Amino acid sequence: MSRKRSPENSGLPARWRNVHGAYYYQVPPGLESFWDGKKTYRLGKTLPEAYKAWALRIEANDKTNTIGQLLDRYLLQVVPKKSPKTQTANVLYVKQLRAVFGNMPIASIIPQYVYKYVEMRSHKKQTESGRTTGGKTIAHREIEVLSHAFTKAVEWGLINKHPFKGEIRLEGEKPRDRYVEDWEIIECLSLDSKRKKGSVFAIQAYIRIKLMTGMARSDLLRLKMIDIAEDGIRIQRHKTQNSTGKRTHYEMTPDLKRAIDMAKAARPVLSQFLFCNRKAEGYIDESTGNVHGWESMWGRFIERVMAETKVTERFTEHDLRAKCASDAATLEHARALLSHADSRTTDAIYRRKPERVMPLGGI
């Protein structure tokens, strides 16, 4: 888990550290080649010296004539600001993009090349190790990174206009439309457990809170006792804390309080987190963004649901978030519950109930 920054590092740029009288940069995984192969790069003894070394290093990597060099700068200056999990994915996407576009001059790309790339990468392939690569979804994610890199190229003054933004119309991925019925939730909550504490009760409490609030997993698993008061739950969405800084206050209700009490009672030990493991730690590893312990618990729970109840179709945590949005009386209420800035996202992805229409009178 990430720790609170020590006083000597307070106010420094992200990933900077003051150690034994000198300033160091903690290199993001996968970007060591830009920092002489080091995981920790020494910037200098004084702060001005460190900023100078930082500027020179950025400038040294700023020979941006080819798309490969643009992607290198994107990795160096943009990717480290993203979440750990997104960083890992972006490094892999850039590797694929560089293999195809790397040697091309930055101003030479045209929409047709992008379409051809998507067509090529949309075909799934099996590697010698048995791993599947490619696919339409991966191809689209890679192009999203390429497009953002060119957006940054305009911002950096490398080109005057994005070469394919607004010119590409990729065939959309089919949105997930699984709607979890009320009876299926009742079945899930009917599972019993031999232990008074543990994963079954924790996940059942988690389901109750999620259905009432629509909180994303990244927010619900980061929920701390300090975020919960008599008048409700206050969160700042983790996904947008560095952009919109969206904050939401879920007002306390008797049902919500009961669910919170269930979650507290299900914890194996006392913790600052509402959902924790036996070491009193939260389930999200802030250094990587992974939630392995929780994912395995959820997987075992769903296996029991499929084996011991009448539920026949699996559902995901994300489907529960969509159920919350779908069950809200209005689109605006659904948007507020999910802490979305734009109701169009809520409507297009999360409102999954069929539209009810009153037929006209007969003749």
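Bear in mind that the values in this text are calculations on the coordinates, not laboratory data. Owing to the predicted nature of the structure, the values given are computational and were not obtained by experimental measurement. Heads up, the Cβs are rebuilt from the backbone with ideal geometry, glycines too, and the neighbour counts pull from every protein chain shown.
Data overview
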read-out: Cβ-based net charge around Arg314, under 10 Å, with every Lys or Arg adding one and every Asp or Glu removing one; value: -2
read-out: Filtered GluC sites (Glu not before Pro), the range 299-350: DSSP coil and at most 12 other beta carbons within 10 Å; value: Glu313
read-out: Hull shadow area, averaged, the range 67-155 [alpha-carbon convex hull, nm²]; value: 6.1 nm²
read-out: Three principal axis lengths of the range 182-350 [C-alpha, angstrom, descending]; value: 43, 35, 34
read-out: Distance cut-off 26 Å, percentage of C-alpha pairs in the chain lying past it; value: 63 percent
read-out: Within-12-Å neighbourhood charge of Val154 [Cβ basis; K, R +1; D, E -1]; value: +2
read-out: Gap separating the Cα centres of the range 148-196 and the range 63-104, nearest whole Å; value: 21 Å
read-out: Anchor Lys165: aspartates and glutamates whose Cα lies under 16 Å away (excluding residues fewer than 8 positions away in-chain); value: Glu142, Glu144, Glu155
read-out: Normalised contact order of the chain, rounded percent, pairs of Cα under 8 Å and 6 or more residues apart; value: 13 percent
read-out: Thr240-Leu360 pseudo-label distance in nm [points 7 Å out on the Cα-to-Cβ vector]; value: 4.1 nm
read-out: Translational diffusion of the range 11-60, µm² s⁻¹ [Kirkwood Rh, Cα pairs; Stokes-Einstein; 10 °C; 1.306 mPa s]; value: 145 µm²/s
read-out: Total formal charge among the other residues, if their Cβ is under 13 angstrom from that of Ala328, Lys/Arg +1 and Asp/Glu -1; value: +3
read-out: 5 angstrom amide H check on Lys224, placed H, neighbours 5+ away; value: Leu274
read-out: The range 172-272: relative contact order as a whole-number percent, Cα under 8 Å and 6+ apart; value: 31 percent
